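Chemist: Please read through the structure below; I'll follow up with questions.
The values are calculated or read from the model by the stated rules, or taken from the named source; none is laboratory data. Computed from a prediction, not measured in an experiment: that's the story for all the values here. Cβ atoms come from the backbone with ideal geometry, glycine included; neighbour counts cover every protein chain shown.
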């Protein structure tokens, strides 16, 4: 869908014309876990800029699993969120550039 929930079109510069994130998923059914590898080209997040040595970026990769019949979604995240809210940036990880 190329619009906000209210129907307003997304800005054209937000649109990605070709896939840029490569993913692999491994499901460990017996352990009730799953692993995801996401490869994101640096050029996509840096927008052609160089990142200075010593720079620190916050990051968190998260998803909600909304299962029918379950009151609360399950949050899967690289961050140790204490409650169901991936916007809590103080709990995100850091990426340090050398």
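Chemist: Which residue out of 10, 75 is more than 26 Å from residue 98 (Cβ to Cβ) and without any contact (Cβ under 8 Å) to a residue 12 or more places away in the chain?
Modeler: When all the criteria are applied, what remains is 10.
Chemist: Could I ask something else about it? So which of 19, 9 ends up being modelled with pLDDT of 85 or more and more than 20 Å from residue 78 (Cα to Cα)?
Modeler: 9
Chemist: What single numbered condition from (1) free of Cβ contacts under 8 Å to residues at least 40 places away in the same chain; (2) closer than 28 Å to residue 13 by Cβ fails to hold for residue 81?
Modeler: (2)
Chemist: Which one of the conditions (1) touching a strand residue (DSSP E or B) at 6+ places or on another chain (Cβ under 8 Å); (2) under 26 Å from residue 80 (Cα atoms) does residue 41 fail to meet, given that it meets all the rest?
Modeler: Going through (1) touching a strand residue (DSSP E or B) at 6+ places or on another chain (Cβ under 8 Å); (2) under 26 Å from residue 80 (Cα atoms) one by one, residue 41 breaks only (1).
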